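All remarks here apply to the structure that follows.
The values are calculated or read from the model by the stated rules, or taken from the named source; none is laboratory data. The structure presented is a predicted model; accordingly, all values stated were derived computationally and were not measured. Every residue, glycine as well, gets a Cβ built from its backbone with ideal geometry; the counts of neighbours run over all protein chains shown. Only protein heavy atoms, including side chains, enter the accessible area calculation; ligands, DNA and RNA are left aside. Shrake-Rupley method; radii C 1.70, N 1.55, O 1.52, S 1.80 Å.
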Amino acid sequence: MRRPGLRGMFFFLGLTLTALGQRSILPAGPEDQGNLQRPSAQHASITRSTFQGEAFRRAIRVVTQIEPTNPWNVQFNIPMRGSVVQGDVLLATFYHRLIDSVGGEGFATFIFERASPPWIKSANRTITIASSEWTKTEIAFEALESYSPGLAQVNFQLGHEPQTIEIGGIEVLNYGKLKSLDELMSEIDSGPAYPGQEPEALWRQEAVERIEAIRKSDICVTVVDGLNKPIVGAAVRIRMKRHAYAFGSAVAAPRLLERSEDADRYRQVIVDSFNRVVIENNLKWPAFENERRRGINAVNWLLANNLEVRGHTVVWPGWSRVPKDVPALAARPPLLQQRINDRIVDVTREFAGKLVDWDVVNEPFTERDILDVFGDDEMIAWFDLAKENDPTAQLYLNDFGILAGTGTSSPHQDYYFETIKRLLEAGAPLEGIGMQGHVSGNLTSPNNLWRVLERFSEFNLPIQVTEFDVQALTPEIQADYLRDFMTLVFSHPKTVGIVMWGFWERNHWRPDAALFNADWSLRPHGEMWYQLVHGDWWTDETWMSDENGKIILRGFHGDYEIIVETETQSQSIEAKVGKSGLSTLEQLNEAAVRFSSGAVTFADGKLRIGLEGSETTGLKVETSADLREWRAAESALVPHQATLEIDVDMAMGSRFFRLRSN
């Protein structure tokens, strides 16, 4: 990519690299020059070997004996010897094989990064090592920054479950501007970016079949005339308006409330695209105390636009996540406890009855300064207090590192599991499990995603991906992984939603993970998101009624408009499709009333509702044109075969109806 002001530099580099070709940027014998970083000798060990008859001579064997807190706590580090210019194209090559592991697979994450904070990574890819034979891996990438010798490094992160792996033939070549990244990638056999990326992967068809079974139901509509005779050839449109499953995003309250062209577009995308949102920052403790009105106004705007709102977060128990006066209270626990309790009461009472759920505690594994003062059981009291002040919101525990980072069992994941178990055993009103889903170089395979979801399904609680975003080596891999992650999660029966952590480059904590560029053009993974949520997983079909006046199809669960057109008239109603199929009744008691198989029919300005069951005494029907004002409808019970039916006069522009008990 040409950059203004660099033409002379490009010419110079072109001459140099044409003469010399690609250059190695690692020291000679990198297997011997690198060093193993680890918390202690008990965590991991390293030996080096020489091989004959292979494509390389030297290799390292790393034995990870104790899984550390993070994968980077055990890593093999090689300093960079050469120089790199921003935009240079590089190729990393190495060989690996598995000697032993607990789960039958080993893992190594290749990193090329700045050798100092903030450790900006130009390459970040996790390799699954399953074969005992030497396997070659090639990774092409582009330098995100310029580095002089010694200012960048190669790392192999190896802090996973106990494993023994060997890595040899380590080489990183700098092609400069001789080749584009696309050209280099087309020349190498890089293999799948993650296990399960292959189109023919077995998990893929299994997920599609589960989605068909658990996310869709039969929809049956019968069209008859005034004599209850079927009308053949009526056009029946089944038009989905809203998913039952939560597909959403975090939104920035300042952008949501400002007046500008970008803010107008921002708001329109939110309304058109999502059914659930979460305020990114302004309900967090410091922001809510400092700018209370902004958080309230943002929530009210979202609710006015018919969007479900998540609350994030009641308590984030690290000192850096609370108001500035709070850490000093650590020496006076009763005052600290009261300060926290006041926060819980304040924010949950302010939004009581308005939010669909709350992240009561966020990231207790890493952000635990307050928990170190009181102990983890203090979370029980926090959940109790939140439920007392907002009985309707579902209460979640939320954390990162559960689905991301290969998804293999880790101290972080184990702690999360045991914390949920302990809270439930103590009777805390924990009602949902939040898994953030910030995915970067360590692309968790679909099979491992499934294993994690199955593990936490033991608690029989809804699981929600609460902060989803994807960073990947190329836009194509980014789009593929978004598709596969969302497909696998959507196919799991315990999941209830996937909420992204932003969607626009100019309001995203990881700008390269946003669906939209700054100019509002969609990126490839953004196009994939819309293809799934508003394409592949969306129902909008028009059918002609058959000889029995019926149309039958399967539709995704959600809110619908059903539009029926005959030669003489057109009518529409609002409906819901859920696990039990089509439903358009509002049942306010537990009377044994439900739709019969041919539940809704249209004829001569009347809506006929088929009911099964005998407890119909005292039922009345109301109709509305706008879902705000309701009026009693003229109706009559009509015996019909094995069911009772109610004929409803749908005159005067009424489009909606409900059945109520007196």
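Of the accessible area of the stretch 200-319, computed with a 1.4 Å probe over protein heavy atoms only, carbon and sulfur atoms account for 46 percent.
Within straight-line reach of K177, meaning a Cα separation under 13 Å, sit the following aspartates and glutamates at least 8 residues removed in sequence or on another chain: D88, E142. Across the stretch 211-218, coupling constants 3J(HN,Hα) worked out from phi with the 6.51/-1.76/1.60 Karplus curve, θ = phi - 60°, read 4, 4, 7, 9, 9, 10, 9, 6 Hz, and Gly and Pro carry x. Partners of K284 within straight-line reach, counting lysines whose Cα lies under 21 Å from its Cα and excluding those fewer than 8 residues away in the same chain: K324, K354, K387. For the pair R265 and F374 in one chain, pulling the backbone fully straight at 0.36 nm per residue adds 34.7 nm over the alpha carbon distance. Within the same chain, aspartates and glutamates fewer than 8 places from K576 are excluded, and of the rest, those with a Cα less than 18 Å from its Cα are E212, D218, E308, D540, E541, D559, E561, E586, E622, D626. Rounded to the nearest Å, what's the spacing between the alpha carbon centres of the stretch 81-133 and the stretch 183-216? Just the number, please. The distance from the Cα centre of the stretch 81-133 to that of the stretch 183-216 comes to 22 Å. With 0.36 nm allotted per residue and the present C-alpha distance subtracted, the N290-Q205 stretch has 25.6 nm of extension available.
Between the beta carbons of W538 and E567, assuming R0 = 41 Å, the FRET efficiency works out to 0.90 to the nearest 0.05. The residues packed around F459, meaning those with a beta-carbon under 11 Å from its beta-carbon, carry a net charge of 0 if Lys and Arg are +1 and Asp and Glu are -1. Using R0 = 41 Å, the C-beta based FRET efficiency linking A331 and E258 works out to 0.50.
Annotation: extensible slack from R61 through L303 equals 81.4 nm (criterion: 0.36 nm per residue apart, minus Cα-Cα distance). Amide H contacts of F107: I129, each under 5 Å away and 5 or more positions distant or on a separate chain (H built 1.01 Å from N in the peptide plane; Pro and chain starts excluded). Applied to the stretch 550-558, the Karplus parametrisation 6.51 cos²θ - 1.76 cosθ + 1.60 on θ = phi - 60° returns per-residue 3J(HN,Hα) values of 10, 10, 10, 8, 9, x, 5, 5, x Hz, with x for Gly and Pro. Once the C-beta distance of K324 and E527 is scaled by a Förster radius of 45 Å, the resulting FRET efficiency is 0.55 to the nearest 0.05. Convex hull volume per residue, computed on the Cα atoms of the stretch 180-278, equals 291 Å³. The Rg/Rh ratio for the stretch 26-87 is 1.05, where Rg is the radius of gyration of the alpha carbons and Rh is the Kirkwood radius. Annotation: amide H of V315 within the under-5 Å range of V361, N362, sequence separation 5 or more or interchain, hydrogens built in the peptide plane.
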